[in-house]
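Laboratory data are not the source of any read-out in this text; all were calculated from the coordinates shown. Just so we're clear, the structure is a prediction, and the values are computed from it rather than from any experiment. Cβ coordinates were reconstructed from backbone atoms using ideal geometry, including for glycine residues, and neighbour counts include every protein chain displayed.
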Amino acid sequence: MSARPASAPAPPIAAVRGVDKVYADDAGRTRSVLKNVDFEVRSGEVVAILGPSGCGKSTLLRILIGLIPPSAGRVEQHGIPLEGIHPGTAVVFQNFALFPWLTVEENVRVGLNGRPLPPFEADGRVKTALKAVGLEGHERAFPKELSGGMKQRVGIARALVGRPELLCMDEPFSALDILTAELLRTEVYRLFTERASGLSSVVLITHLIEEAVFLGDRIVVMGANPGTVRREIVNTVPHPREYRRDDFIRMVERIHDVVTRVHLPEVEEEEPAAPTLPGRRPAGPVAPLPAVPMGEILGLLEILADHDGTMNLFDIDAITDYDFGRTIAVAKAAEMLDLVGTPKNDVVLTDFGRKMIRASAAERPALLRAELLALGTFCLVIQELAQEPDTPLAADAVRDLLAERLPTVDASELFETLLNWGRAGHLFEYDAAADTIALFSGREEGAGG
Amino acid sequence: MLLVVLGALVAGVVGLAQRWEAPIRPAVEIDLSPSALPLYTLLSLSRGFAAYLLSLAFTLVYGTIAAHGRRAEKVMLPLLDIGQGIPVLGFLPGLVLGMVALFPKTNVGLELACILMIFTGQVWNMTFSYVGSLRSIPGELQEVARLHRFSFWKRFRTVEVSSSVIGLVWNSMMSMAGGWFFLTVTEAFTLGDRDFRLPGIGSYMAVAIEKGDRRAMAWAIVAMTVMIVAVDQLLWRPLVVWSQRFRNADIEGEDAPESWVLNLMRRSRFLRRMRLRRRRRSRAPTPPAPPESAGAVPGGTGERARAALVSGLGIAALAVALLGAWKLVGLLVRVPAGKWLVLAGAVGATSVRTFSALALAAAWTLPIGILIGRSAVWSRRLQPVVQIVASFPAPMLFPIVTGVLLVLRVPFGAIAAVLMLLGAQWYVLFNVLAGASAIPHDLDEAADVYAMKGGTRWRTLFVPAVFPFLVTGLVTAAGGAWNASIVAETLHFRGTTLETFGLGSLITKATREADFPLLTAGVLTMSLAIVVLNRLVWRRLYRLAETKYSLNR
């Protein structure tokens, strides 16, 4: 494994091999963020890492350039183990990370830090970088005086000024409004294609499929819980790329299919089933719940109903203005509750889903409860609570229980979702002050018996 | 305006003191055996709490009035500012003499004086915090209260107090800590050969030092530490954690504070399945407000009566202030011209000492605070420790520190600066710590990526990021240092009196010699010096901190 084949081409600029990352929270619950990830950046390519929020793509980037250490696995630069920070790298941060007390020019000069250059050469480089991003005339301004788009230009100039062999962009446009983001994206595209300022390789982190197709030469699709590299696709759309062109749209649809298959698989993997509650139909496996509130799930049903009960995931993205990860999560949640079916890329309202829409707000909890009780995760928690039905249980006990059964999932987040759905279905009561959870004890008959 | 109010205060206290006659009450004997300590500690503790309750009551009443009346606010907020600025310890002699004069036969006057002194040390930042939170209550919440016709009482409970609980609890904790400083000074107060001691841990320490009883000194320090830790762990920690429930949900996500006491009460990590008793809370919706009777029309007679009351009070206050100013002028003309020159020189000497103390404080807290604050683990571990150390009343340590420094042949003029530093440095450390732990993560990563090391990193990232916090800490510390000069520039030590030229020692001397005109002039000069320095130095630094070095990007 460790020996490289003698005939191999030049080793990649940066690479991770079999990397794991595990985080532990204060309560000692561990969460696996990355699992067995292989990834490399070769000279002269733009790699887009595509994945929904929380899939560990930012963590992967930080491990790749040495900002954080992996829990297991190897990190290499030019084929040798990486020590400290990757020497040829620069980063454009999501929230700019400019020093507020330095002027624009001084901020850009930070990018030359640690490089002994003659003063005139340094000045010249700063000037060139500022010019490349259209910041001439703003040299003496402080970041506070600038709009978000201008701030990110400073961030890009700072990254370019050192002529990095590896430029990392961590969701560089996601803190900007749509129009500003689009303008800057086009300018960055030009910088990439012209290979300005000695730019060699780029890693772009994004959650937008169009952005990945627009900028990336190679697109790496990541899956979540834990984060893994699922697919790599070579982007065949020729330059200059344009959103409205057929080949661009086809590529986007192809990536869309891949992503959907990664995040919304046709067949559920079999996991050990949860013990069935007495008097109920057999429950499904104890599985993670997509982190979406019930309100959004019901909202999806309403949108579907307005579109004759069936819609393409792609079109839902467009209407909701969600990124694809979020739309998929909502669809997946609705599918878990038998409210929709998801053949291929379509989302189709089921009969039960139609019934849910017609039901009044007062009737919905009862409908939901029946569905929730068929989910293994809920059965698990209800069984725990039912041992002493009249006393609340410390919520941490439930979080521990979830962490134990689903070690790759953020137990706190899962608990939030569980609580949100459970409350909507009148299964649980929660006391925020005491952080305790109890079986619902409203006027209706108690759940779970 | 400022002068008139200050003058009235000074003149009032001094006027009381002048009527003082020989004490009839017997001097208190302090028992140095360790078995007496628990009782003394309890006595001191109860004084601290009495003063705290007074501070709380004052805060709630004053803050509510100041935040509601637009006119009241204009007068009451600057008043608070002055109150915070005046050197309270300068008033101690006058206050003690005056209170004893009011109750000549018992300790009541002394106790009251002691409690009032602690009160003045506690109250200002609590009131500031309360007024601040009241003014930042979201307008919508207030509109809801008005729409649903909340009574004054209900609005106070559900809107105002709950919006300010977090700040109030945090500042209460800080105030209690600050109050101990005064407790030990006032308990052990002696004036020449006149003895105004009260039984308590402060006077125990004082007697122990006087007699050179090292064992008793050690015991006193132990008892004080135990008290501070106990109050912190049993009262403040649980309160701080409890108060988090009033947190605005939008700001959630930062590290929530933890309290083991509250954890024990709520649940235990070790006993995973610990069951809790259900907290029965009335979930019944509040009954709709009764239809308003014809009599109580809002903005009618009630409003007018209140306006009349406010203006009446204002006039009365103005009258008292004018009377005080008149008396003040009468006192001040009796100070000979030469003394004014001496006072001016003393201001210079104490200023130098204050600024050296602050420079020393900044010099060690900046690197240490940043190092600790940068490590999440260490700051979590050390924060409570530092908090407890900071609550320890510095005057109790004065003799020990002085003893050590005298052996090292440090002149007392410099020692006094160190003593002033002793209490003040913690404010700086706290703030630097807070600042260092608030350095944005992405700036840190940018510094990593762009190879900022050693000095460059400190210059470009750490120090600028901490600067606003440093200024806040220094301002608070400056006030504390000025105050401390009164007890630091004159020190009774092993039977002798050490003294160095300065405003603090001048005030102490004037007190000892019952030179009331000079005392008044001294206290007034110090107040003025603090105010002037605030305008000239601190306000400018504040502006710089708020503009250039603000992290609000």
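Project the alpha carbons of region B:345-450 onto their principal axes and report the range along each, largest first, in whole Å.
The principal-axis extents, from largest down, are 51, 29, 23 Å.
Kindly work out what percent of the DSSP beta bridges joining two residues of chain A are antiparallel, to the nearest 5.
Antiparallel bridges: around 65 percent, rounded to the nearest 5.
Suppose we look only past 33 Å in the calculated P(r) of chain A. What percent of the Cα-Cα pairs does that tail hold?
46 percent
Could you point to the residue in B:L141, B:V169, A:L61 farthest towards the positive end of the protein assembly as shown's charge dipole, with +1 and -1 charges on the Cβ of Lys/Arg and Asp/Glu respectively?
B:V169
Tell me what chain A gives for mean residue ellipticity at 222 nm when only DSSP H runs of n ≥ 4 count, each as -39,500 (n - 2.57), the sum divided by the residue total, rounded to 500 deg cm²/dmol.
-11500 deg cm²/dmol
Which of the listed residues, B:P399, B:V342, B:A357, is farthest toward the dipole's positive end in region B:313-470, when Lys, Arg count +1 and Asp, Glu count -1 at the beta-carbon?
About the Cα centre, the residue reaching furthest to the positive side is B:V342.
Taking 7 Å along the Cα-to-C-beta vector as the label spot, tell me the A:A305-A:T193 distance in nanometres, rounded to one decimal.
The two pseudo-label positions are separated by 4.7 nm.
Run the simple label-point estimate for B:K453 and B:R535 please: 7 Å along Cα→C-beta, distance reported in nm.
Distance between label points: 5.0 nm.
For the cross-link pairs B:K74/B:K327; B:K211/B:K339; A:K21/A:K344; A:K127/B:K548, which exceed 29 Å when the distance is taken from alpha carbon to alpha carbon?
Where the Cα-Cα span goes over 29 Å, the pairs concerned are B:K211/B:K339; A:K21/A:K344.
Take B:Y130, A:Y243, A:Y189, B:Y40 and order them by how many other Cβ atoms sit within 10 Å, fewest up front.
So the ranking, lowest neighbour count to highest, is A:Y243, A:Y189, B:Y40, B:Y130.
Fewest Cβ neighbours within 10 Å first, please rank B:W458, B:W219 accordingly.
In increasing order of surrounding Cβ atoms, one gets B:W458, B:W219.
Can you figure out the FRET efficiency of B:L77 with A:R74, using R₀ = 35 Å and their beta-carbon distance, to the nearest 0.05?
Once rounded, the FRET efficiency stands at 0.05.
Give the residue list of trypsin sites (Lys or Arg not before Pro) in region B:142-236 that are DSSP loop and have at most 16 other beta-carbon atoms within 10 angstrom.
Here the trypsin sites (Lys or Arg not before Pro) that fit, given the DSSP loop and packing criteria, are B:R149.
Once fully extended, how much extra length lies between B:R215 and B:R149, figured as 0.36 nm per residue of separation less the alpha-carbon to alpha-carbon distance?
Once the chain is fully extended between B:R215 and B:R149, it gains 17.5 nm.
Let's test the formula: R0 of 41 Å, r as the Cβ-Cβ distance of A:D246 and A:A10. What FRET efficiency results, to the nearest 0.05?
Given R0 = 41 Å and the Cβ-Cβ separation, E is 0.70.
Would you list B:C114, A:C379 from fewest to most Cβ contacts within 10 Å?
Result, fewest neighbours first: A:C379, B:C114.
If you project the alpha carbons of region A:281-349 onto their three principal axes, what span does each projection cover, largest first, in Å?
The principal-axis extents, from largest down, are 36, 23, 22 Å.
Please give the Cα centre distance for region B:303-367 versus region B:95-158, rounded to the nearest Å.
22 Å
Hey, got the Cα dimensions of region A:294-439 along the principal axes, in Å, largest first?
For region A:294-439, the Cα extents along the three principal axes come out at 46, 33, 25 Å.
Starting from the 7 Å offset along Cα-to-Cβ, what nm value, one decimal, do you get for the label separation of B:V333 and B:I388?
According to this spin-label approximation, the distance is 5.8 nm.
Name the chymotrypsin sites (Phe, Trp or Tyr not before Pro) in region A:343-449 that are in a loop by DSSP and that have at most 14 other C-beta atoms within 10 Å, would you?
none
What's the extension gain from B:A230 to B:V61 if we count 0.36 nm per residue and subtract their Cα-Cα distance?
Extra length from B:A230 to B:V61 when fully extended: 57.9 nm.
What value does the protein assembly as shown have for Rg/Rh, both radii from Cα atoms and Rh as Kirkwood defines it?
1.03
Using the Cα centre of the protein assembly as shown as origin and beta-carbon charges of +1 (Lys, Arg) and -1 (Asp, Glu), tell me which of B:L331, A:M169, A:V398 is placed farthest towards the positive end of the dipole.
B:L331
So if R0 is 56 Å, what FRET efficiency would A:T391 and A:K131 give, r being the distance between their Cβ atoms, rounded to the nearest 0.05?
Taking R0 as 56 Å, the efficiency between A:T391 and A:K131 is 0.20.
Could you estimate the translational diffusion coefficient of region B:399-538 from the Stokes-Einstein equation, with Rh from the Kirkwood formula over C-alpha pairs, at 20 °C and 1.002 mPa s, in whole µm²/s?
121 µm²/s
Would you mind pulling out the separation of the Cα centroids of region A:336-350 and region B:415-475, in Å?
Result: 55 Å between the Cα centres.
Let me see the P(r) profile for region B:25-249: every Cα-Cα distance counted, bins of 10 Å, each bin given as a percent of all pairs.
With 10 Å bins starting at 0, P(r) equals 8, 28, 29, 20, 11, 3, 0.
Which GluC sites (Glu not before Pro) in region A:66-105 sit in a loop by DSSP (not H, G, I, E or B) and have at most 13 other Cβ atoms within 10 Å of their own Cβ?
Within region A:66-105, the qualifying GluC sites (Glu not before Pro) (loop, at most 13 other Cβ atoms within 10 Å) are A:E83.
From a point 7 Å beyond the Cα of B:L408 in the direction of its Cβ, which residues of region B:491-518 have a backbone N at a distance under 18 Å?
So the set is empty, nothing qualifies.
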